[in-house]
Amino acid sequence: MIQNLLVLGAGSAGLISAISLKKKIPQLNVRVVRSKSIGVIGVGEATTPNFPRHLFEYLGIPRKRFYEIARPTWKLGIKFLWGERGSFDYTFNLQLDTKWSDLRHPTGFYCDEDFNNVSLPGALMNQNKAFPRQENGAPDIHEWHAFHIENKLFVSVLEQVAREYGIEFTDGDLESVEKGPGGIAAIHLKDGQRLEADFFIDASGFRSELMGKALEEPFISFNKSLFCDRAVVGGWDRAPGEAILPYTVAETMDAGWCWRIDHEKVIHRGYVYCSQAISDDAAAEEFLRKNPKNTEELRIVKFRSGCYQRQWVDNVVVLGNSGGFVEPLESTGLMMLCSHTQTLVDFLLHTNLNPTDSMRDLYNDLTVNGWKDVRDFLAIHYKFNGKLDTPFWKQTRAECDVSGVAELIKFYQENGPTGFCRYRLPNTQTDFGLEGFLIMFVGNKVPYKNRYTPTPQEAQIWQQRKAGFVQE
Ligand SMILES: Cc1cc2nc3c(=O)[nH]c(=O)nc-3n(C[C@H](O)[C@H](O)[C@H](O)COP(=O)(O)OP(=O)(O)OC[C@H]3O[C@@H](n4cnc5c(N)ncnc54)[C@H](O)[C@@H]3O)c2cc1C
């Protein structure tokens with residue numbers, strides 16, 4: 001029976017998993033080990049709606065306290081400067097996996113030429129507004145609101161919460177790992193401490209000290225679908241009066257794309273690029289040319305896309321960047337972390353802290369398939385982005401592997417943006433669901449055969465409904 005849990009790493013992954021496990025299974029003794037000299041990654045700032053749900057509903061962290069310390073800004077979705085249209089909005093409510101009762105076909109069939117203001121969040125995004133108002137003037141916050149949050153501020157809130165939950169912290173650098181019959185028996189720190197536990201969470205970031213280095217679990221690369229492997233990151237202080245954009249921007253660049261994330265006092269941008277297509281210097285030059293306001297010293301972050309073949313081996317579970325990573329085109333890092341943490345908690349509770357082999361196998365199937373689903377979803381962003389004709393984009397459109405969703409693409413190309421597409425989705429589904437795929441197909445104007453021309457009456461209903469969202 002698991003009694004003592006050791007979490008290696010105190011970034012978002014280590015702290016969220018430690019707090020979640022302690023909150024839901026209070027009898028566990030939880031210790032977090034972290035290296036002050038290595039620190040945290042310092043990026044990872046855009047979230048999806050499962051993140052506030054995890055913090056406020058699942059963990060019960062008071063909203064007010066979180067807002068005061070972490071100073072998040074609202075995020076309604078992602079503005080893609082992408083595809084043939086040049087721009088479209090992906091919000092966190094359902095825009096396209098819908099059908100209005102007074103229109104003959106699902107919504108996507110009416111968006112060929114005009115894909116703006118299709119829902120209330122879409123209309124808000126279009127006007128750079130973060131929320132509707134309640135009758136008393138207070139912000140009306142919905143389940144489709146997510147956050148932008150500065151990584152270091154976020155980690156500091158989590159650390160405070162973790163201490164209040166009785167989680168112990170040990171500062172030190174990992175020196176070596178001692179194996180035992182059930183997997184890892186203890187870790188040794190450089191200062192000579194030996195720390196035993198029954199169960200380990202590897203949340204050591206890209207170093208993947210336990211799963212990658214100690215257990216040598218094979219890594220599944222996603223490099224046939226996702227070609228980018230670096231980001232150049234910068235930003236500037238918000239000028240007085242400069243609006244806070246309530247969404248993440250994903251802007252097509254010559255050899256990748258660039259995020260824009262608006263915080264209260266600072267705006268961060270990061271150009272995710274393919275190092276085989278552009279040099280670091282050329283990427284930095286393009287970044288600066290397109291972001292003349294940049295004042296931050298640029299830094300380059302290297303990464304590889306993929307995940308470990310198993311996310312739970314013996315008595316070690318890997319979470320956060322340590323276990324898998326894809327570029328933040330859909331802000332999936334924290335989303336996957338919250339989702340996998342909840343699954344782990346459920347499995348440990350269900351087995352009364354005596355996890356069975358079959359439960360572990362199921363965890364591995366679910367989490368690894370989840371990573372592959374995200375890979376496939378991101379791959380179609382690349383496959384169908386016709387905005388630029390640079391060598392990188394030509395090659396990406398031609399070679400990007402989308403075989404994981406080939407059936408879905410074929411079905412869409414024959415039948416258009418219908419809800420029946422859901423039956424051609426991969427088996428396991430991420431939070432994006434059919435909605436995410438429809439947004440990418442319609443947003444990028446992926447051609448389909450079964451087109452529909454709305455009647456004049458339908459066209460009028462369509463325009464009136466959209467105008468209603470704008471007014472609301
Ligand atoms: C360019 C980029 C952009 C990103 N953008 C987003 C985004 O917009 N949204 C999103 O959700 N995610 C994003 N991510 C992913 C994001 O980084 C993660 O979601 C999140 O921050 C989790 O980080 P982590 O805790 O796994 O790793 P880290 O923050 O790196 O933490 C690792 C921890 O392990 C400790 N550690 C490491 N090695 C040792 C050792 N040998 N001994 C002791 N301690 C050790 C470190 O000190 C640290 O405490 C992005 C990632 C990158 C690279």
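The numbers here are math on the coordinates, done by the rules we state, and not lab data. Small disclaimer: the values here were computed from a predicted structure and weren't measured. Glycine gets a Cβ as well: all are built from the backbone with ideal geometry, and neighbour counts include every protein chain shown.
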Requested in this report: For segment 100-165 and segment 180-208, write down the distance between their C-alpha centroids in whole Å.
Outcome: 40 Å
Query raised in the report: Based on Cβ point charges of +1 for Lys and Arg and -1 for Asp and Glu, what charge dipole magnitude is obtained for segment 378-472 about its Cα centre, in debye rounded to the nearest 20?
Result: 260 debye
Query raised in the report: Taking a point 7 angstrom from the Cα of Arg207 along the C-beta vector, which residues in segment 171-188 have backbone N less than 16 Å away?
Result: 171-178, 187-188
Query raised in the report: How high is the FRET efficiency from Ser37 to Ala459, r the C-beta distance, R0 60 Å, rounded to 0.05?
Result: 0.45
Query - Contact order normalised by residue count of segment 359-472, Cα under 8 Å, 6+ apart, percent - result: 27 percent
**Report entry** Dipole magnitude (debye, nearest 20) for the chain, charges at Cβ of Lys, Arg, Asp, Glu
**Finding:** 500 debye
Report summary line: If Lys265, Lys23 are placed from fewest to most neighbouring beta carbons inside 10 Å, the sequence is Lys265, Lys23
Query - Whole-number percent relative contact order across the chain, with pairs defined as alpha carbons under 8 Å at least 6 apart - result: 22 percent
Query raised in the report: If R0 is 22 Å, what FRET efficiency do you get for Ser279 and Ile220 from their C-beta distance, rounded to 0.05?
Result: 0.20
Query raised in the report: Hey, fewest Cβ within 10 Å first, where do Val446, Val249, Val326 land in order?
Result: Val249, Val446, Val326
Query - Tilt relative to the chain, helix 456-471 - C-alpha long axis, 0 to 90 degrees, to 10 - result: 50 degrees
**Report entry** Euclidean distance between Cα centres, segment 288-342 to segment 373-408, Å
**Finding:** 20 Å
Query raised in the report: When the helix-only estimate is applied to the chain (DSSP H runs of n ≥ 4, each -39,500 (n - 2.57), divided by the residue count), what is the mean residue ellipticity at 222 nm, nearest 500 deg cm²/dmol?
Result: -10000 deg cm²/dmol
